[in-house]
Amino acid sequence: MTLIATRPGPGAARPYRFPPVVRRAVAGGQVVAAHLPGQNLAVALLLLDAGAEREPLGREGLGAVLAKALEEGTAQRDAAAYALAVEGLGTELVTGLDWDSFQVSVQVPVDRLTAAVELLAEAVRTPRLDPADVARVRDDEATALRMDWANPGPRADAALRADLFGAQNRWGRPMYGDPDSVAGLDVEDIRVFHSEWFIRPGTLIVAGDLDRIDLDTLAAAAFAGAGGGPIERGGPVETPLREGRRIILVDRPGSVQSTLRLGHPAPHRAHPDHVPMALAGTILGGAFTSRLNHLIREVRGYTYGIRGDFASSRRFGRFGVSSGVQTAVTAPALVEAVGEISRTRSGGVTEEELAVARSWRAGQLSVELQSPRAIASALTTLVVHDLPDDYHARLREALLSGDVDQVNAAAATHLHPDSLTLVVEGDAAMIRDDLAATHLAEIIS
Amino acid sequence: MPDSGYPWPIETTRLDNGLRVVVSEDRTAPAVAVNLWYDVGSRHEPRGQTGFAHLFEHLMFEGSLNVAKTEHMKLIQGSGGSLNATTNPDRTNYFETVPAEHLELALWLEADRMGGLVPALTQETLDNQREVVKNERRQRYENVPYGDAWLRLLPLLYPPGHPYHHATIGSMADLNAADLATFQAFHRTYYAPNNAVLTVVGDATAAEVFKLAEKYFGVIPPLADIPAAPDGRTVAATGRPATETVVADVPAPRVYVAHRTHPFGSAGYDVVTVLATVLGSGRGSRLYQRLADGERLAQPDLVGAYGVDLAHAPAPLIATATARPGVSAEHLAAGLHAVMDELATVPVTATELDRAKALLSTAWWRQMSTVDGRADTLGRYATQLGDPAKAAERLPAWLAVTAEQIAEAAAEVLAADDRVTLTYLAEEKP
């Protein structure tokens, strides 16, 4: 047997084109749609300016509880009848919450889209919000969070976020709240949050075969009874970097792995370095072939995986690294991770690494943007960040033309290994002394 | 009601060495999905070698005759592609989706590791990936509440010696004992063109793919006498319920109820699929309506039921619920059992049936909405049912299931005297 030894080169590239985008003002709201000819499935998503940042301090979790409460019956039908109506169309209400927006969506065979959007609007605009139901949903959500917080991760995430952004800011607290903040929510707060933020029209995102979809009818259903205009969203916030590193130890007795969450503040989404930062983050920790994954997983065998990236929303951002490592190697894993971040900042990346990162990020646009759900999500990015219709084409060009000097400058400017907060959630009795002996930083808790 | 769940062309061929090649052209997007199903999974593992099929999957990314260590990932990602692999009791699959101009690269990489893995396999690589897999076991099964439920359910469902008795992740002891020669032999035994299906879906013609498959895979010799896994198709009913109670560091009591049903791909399993959707999928399901909404015994987000699509033995149906504060595990288990028992006695209504079918239709079309989803489906049907075109029959088969069939299936496979119940209790905190 002789296998072919020569690696084949690429064939002729076929250009990627983001589907045509249609923007329309209808019935008091905005519609942004993408045409996917021949696609059997369609997605409609109502995008509201009701992200976690709209929640008052001390009321974290309002949006998450409200999301669940929407399905507890509407002006027209009770919860069981509503569930049967929605699921009878083959869909469910999918809600999503991030710092910048609240999203609620349906995904159905295209001929059922209008009926599904009517039901979506019924829940969003006219939920029953009976106080007894809301109280029960709140209690269930608090229990669900308590269950979730029994897993490794959420406590470490919360400790990192608070240390980076300060618990005196809404964005210094967990996006979905924590078990206590949710348990403490007042039923009336939830009803008020709805009346303040869920009656405004928002934007209807549609991804599907527009030859079989009547956008005007959808918009009329989505925006019926809506009112009120947009509200100022506030500019980017300045978050100072720390002087010196610190270790925060979160005790999880008996844990066979230590959960690592490393991070520091970074620029907001509209920063001009967005693309070179993304490329630097990809090389450092954003892909399977990244430096961190190669070193900590493939060379050392300390973990099943480690990732790092820059993440940003409209007003703030952060650089972060996350992993779970075997308890016994917690200290060396932490030392090596910090070392790799430092090397990337001071030594930069190679042309070879950048070539892989560039084509991976650009190629992912054609590979990942296939399904109506993925296209709807891409349209959401356009709306939330005020980006033009040809954004994805431009992004592709920007990624492909990212050069080493640019990326190295971004790494040098935006990576701050000496200002990292190192959160370690694990069996403190087993790892505290090892962590102290690394001299990476003072252990502050 | 659609006549077909697969309205795209399918073309197939078989190379002289036995490799089956399946192509489904779709030029909507300039991307192509490449998917290889090898007909080997943890069901083939003998005693003392649990976890080997999956550890082997990891080794397939660590270089081969003409591909240096770490180069596989780098080349796929460097061409803009996504890739991964999975192992389950039945089979191992490897897949990548790449911009269409890199199809040939993907085929070259797959052929090189099918035909040329052994010369590149080193002790160092094995030792490293063994540690990675042990970390995977810790992360997924050991370090999370209820994480070992699947590991505990399988031996309750399937007797010792049955190919599904042990979980794919394997035991730490067996992983520690794994030696290089065993893995070299594993490749020489199972990784052959006549034990695999190559599926390509997307922006490529069948003629082009067939030609490239011949070019890269054609030289790999077939293997004679690939050993079959133990036959697990018949599992005798025990006639008595199996129960296990685990006291662990969990935040609330949780109950799993499981039954052996029918193999994936059979008419009986189509009925079970619809039954599971009626029982435990969505807020309109019986479990949600009765236990989360009605009696309020269960946490709303943590109640459900599903079939596990395994093809070589009666596949499991699993229902699960987690207790709300103040509800005991016994009370919850009794509620779960009652709802399951009623599937045989309280007829499924037209509304319940329509709801389940609508949800299944959407789930099917969601799987079909990407080239990678389609490639995996065709690979499965070619490998397990002998013909990729049979994929088109699944959705119509679900849509044809009747309420009477569900009641019959419930009476047949959900019998209380052959039921597995696994209960987690929260340990007392000092």
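The values are calculated or read from the model by the stated rules, or taken from the named source; none is laboratory data. As the structure is a prediction and not an experimental result, all values here were calculated from the model. Positions of Cβ are backbone-derived with ideal geometry, glycine not excepted, and every protein chain shown enters the neighbour counts. Quick note on the areas: whole protein, heavy atoms, side chains included, nothing else; ligands and nucleic acids left out. Shrake-Rupley method; radii C 1.70, N 1.55, O 1.52, S 1.80 Å.
Using the charge dipole of chain B (Lys, Arg: +1 at Cβ; Asp, Glu: -1 at Cβ; taken about the Cα centre), state which of B:Ala334, B:Ala206, B:Asn35 has its Cα farthest towards the positive end.
B:Ala334
What is the spin-label model distance, in nm, from A:Asp130 to B:Glu408 if the labels are put 7 Å beyond Cα along the C-beta direction?
4.1
When the expected Rg is taken as 2.2 N^0.38 Å, what fraction or multiple of it is the alpha-carbon Rg of chain B?
Chain B yields a ratio of 1.03.
At 20 °C and 1.002 mPa s, what whole-number value in µm²/s does Stokes-Einstein give for the translational diffusion of region B:11-217, with Rh from the Kirkwood sum over Cα pairs? Mind dumping the intermediate values first?
Details: Rh = 17.9 Å.
Approximately 120 µm²/s, per Stokes-Einstein.
Beyond 20 Å, how much of the Cα-Cα pair distribution for region A:246-443 remains, as a whole percent?
Every Cα pair in region A:246-443 considered, those over 20 Å come to 58 percent.
Rounded to the nearest 5, what is the percent of antiparallel bridges among the DSSP beta bridges in chain A?
75
Quick one: which of B:164-173, B:383-392 comes out on top by average Cβ neighbours within 10 Å, and what's the full order, highest first?
The most tightly packed comes first, giving B:164-173, B:383-392.
Can you give the average number of partner chain beta-carbon atoms within 10 Å of each beta-carbon in peptide B:282-291, as a whole number?
For peptide B:282-291, the averaged partner shielding equals 4.
With labels modelled as points extended 7 Å from the Cα through the Cβ direction, what inter-label distance (nm, one decimal) is found for B:Ala177 paired with A:Asp214?
6.9
Taking +1 at the Cβ of each Lys and Arg and -1 at the Cβ of each Asp and Glu, which of A:Ala222, A:Met147, A:Gly347 sits farthest along the dipole of chain A towards its positive end, judged by Cα position relative to the Cα centre?
Comparing the listed Cα positions along the dipole, A:Gly347 ranks first.
What residue among A:Ile213, A:Val106, A:Val86 has its Cα farthest toward the positive end of the dipole of region A:71-219, where the charges are +1 on Lys, Arg and -1 on Asp, Glu, each on the Cβ?
So the residue furthest toward the plus end is A:Val106.
Would you mind getting me the FRET efficiency between B:Val219 and A:Asp139? Use the beta-carbon distance for r and R0 = 60 Å, nearest 0.05.
0.40
Taking N as the number of residues in region B:242-426, what is its Cα Rg relative to 2.2 N^0.38 Å?
This ratio for region B:242-426 stands at 1.06.
Could you give the Stokes-Einstein D for chain A in µm² per second, using the C-alpha Kirkwood radius, 25 °C, 0.890 mPa s?
After rounding, the answer is 103 µm²/s.
Given bins 10 angstrom wide, list per bin the percent of all Cα-Cα distances in region A:121-260, short to long.
9, 24, 28, 24, 13, 3
For a protection proxy built on the mean count of beta-carbon atoms within 10 angstrom, sort A:259-266, A:222-229 highest first, please.
Packing order, densest peptide first, comes out as A:259-266, A:222-229.
Please give the charge dipole size of region B:11-217, origin at the Cα centre, charges +1 on K and R Cβ atoms and -1 on D and E Cβ atoms. Round to the nearest 20 debye.
520
For the modelled label position 7 Å from the Cα of B:Lys69 along Cα-to-Cβ, which residues of region A:289-322 have backbone nitrogen atoms closer than 20 Å?
In region A:289-322, the label zone of B:Lys69 (backbone N under 20 Å from the point 7 Å along Cα→Cβ) covers A:289-306.
How big is the charge dipole of region A:336-445 about its Cα centre, in debye rounded to the nearest 20, if each Lys and Arg gets +1 on its Cβ and each Asp and Glu gets -1 on its Cβ?
340
Using a cut-off of under 11 Å, list every residue of region B:1-21 whose amide N is near the label point 7 Å from the Cα of B:Ala400 along the Cα-to-beta-carbon line.
Counting backbone N atoms under 11 Å from the label point, the list is empty.
Set the Förster distance to 35 Å, then compute FRET efficiency between A:Asp418 and A:Ala270 from the Cβ-Cβ distance, nearest 0.05.
Calculated value: 0.85.
Return the distance in nm (one decimal) between the two label points of a simple spin-label model at A:Leu57 and B:Ala267, each offset 7 Å from Cα along Cα→Cβ.
6.8
For helix A:131-148, report the angle its Cα long axis makes with the longest principal axis of the Cα atoms of chain A; keep it between 0 and 90° and round to the nearest 10°.
Once rounded, one gets 20 degrees.
Could you please report the charge total around B:Leu107, scoring K, R as +1 and D, E as -1 over all other residues with beta-carbon less than 15 angstrom from its beta-carbon?
Numbers: positive: A:Arg7, B:Arg20, B:Arg113, B:Lys211, B:Lys215; negative: B:Glu96, B:Glu101, B:Glu104, B:Glu110, B:Asp112, B:Asp203, B:Glu208, B:Glu214.
That works out to -3.
Among bridges DSSP assigns within region A:246-443, what percent are antiparallel (round to 5)?
Expressed as a percentage, antiparallel bridges in region A:246-443 total about 75.
How far, in nm, would the chain grow between B:Arg366 and B:Arg296 when pulled straight, counting 0.36 nm per residue and subtracting the alpha carbon separation?
Working: separation 70, 0.36 × 70 = 25.20 nm, distance 3.18 nm.
Here the segment from B:Arg366 to B:Arg296 would lengthen by 22.0 nm.
Using only Cα atoms, find the angle between the long axis of helix B:123-137 and the longest principal axis of chain B, and express it within 0 to 90 degrees, rounded to the nearest 10.
20
Report, as an integer, the average count of C-beta atoms from other chains found within 10 Å of each Cβ along B:316-325.
Across the residues of B:316-325, the mean count of other-chain Cβ atoms within 10 Å is 1.
Can you give the mean number of other chain Cβ atoms that lie within 10 Å of the Cβ atoms in peptide A:299-305?
Counting other chains' Cβ atoms within 10 Å and averaging over A:299-305 gives 5.
Per residue, how many Å² of accessible area does the protein assembly as shown show with a 1.4 Å probe?
Per-residue value: 37 Å².
Which of the peptides B:4-12, A:193-201, A:34-42 is most tightly packed, and how do the rest follow, judged by the mean count of other Cβ atoms within 10 Å per residue?
A:34-42, A:193-201, B:4-12
Holding the Cα-Cα limit at 27 Å, pick out from B:Lys134/B:Lys215; B:Lys74/B:Lys134; B:Lys211/B:Lys390; B:Lys134/B:Lys390; A:Lys68/B:Lys357 the pairs that are longer than that.
B:Lys134/B:Lys215; B:Lys134/B:Lys390
In region B:289-305, whose amide N lies under 13 Å from the spot 7 Å out along Cα-to-Cβ of B:Thr351? List them in ranges.
Under 13 Å, as judged by backbone N against the label point of B:Thr351, lie B:289 of region B:289-305.
Compute the Rg/Rh shape ratio of region B:110-243: radius of gyration over Kirkwood radius, all on alpha-carbon atoms.
1.05
Does region B:202-336 classify as rounded, prolate or oblate by the C-alpha gyration tensor (a ≥ b ≥ c root eigenvalues; a/c under 1.5 gives rounded; else a/b over b/c gives prolate, otherwise oblate)? Write out the running numbers ahead of the final one.
Details: a/c = 2.75, a/b = 2.03, b/c = 1.35.
Judged from the Cα gyration tensor, region B:202-336 comes out prolate (a/c at least 1.5, a/b above b/c).
Quick one: work out the % antiparallel among DSSP beta bridges in the protein assembly as shown, nearest 5.
About 75 percent, rounded to the nearest 5.
For the protein assembly as shown, what is the convex hull (Cα atoms) projected area averaged across all directions, in square nanometres?
Values: hull surface 134.1 nm².
So the Cα hull casts an average projection of 33.5 nm².
Could you compute the FRET efficiency for A:Thr6 and A:Asp403, with r as their C-beta to C-beta distance and R0 at 45 Å, rounded to 0.05?
Once rounded, the FRET efficiency stands at 0.95.
What number, in percent, do you get for the relative contact order of chain B if the mean sequence gap of Cα pairs under 8 Å and at least 6 apart is divided by its residue count?
Taking the mean separation of contacting Cα pairs over the length of chain B, I get 23 percent.
List the accessible area buried at the contact between B and A, summed over both sides and calculated with a 1.4 Å probe, in Å² to the nearest 100. If you can, show how the numbers build up before the last one.
Working: alone 18140 and 20270 Å², together 32150 Å².
Heavy-atom accessible area buried at this interface is about 6300 Å².
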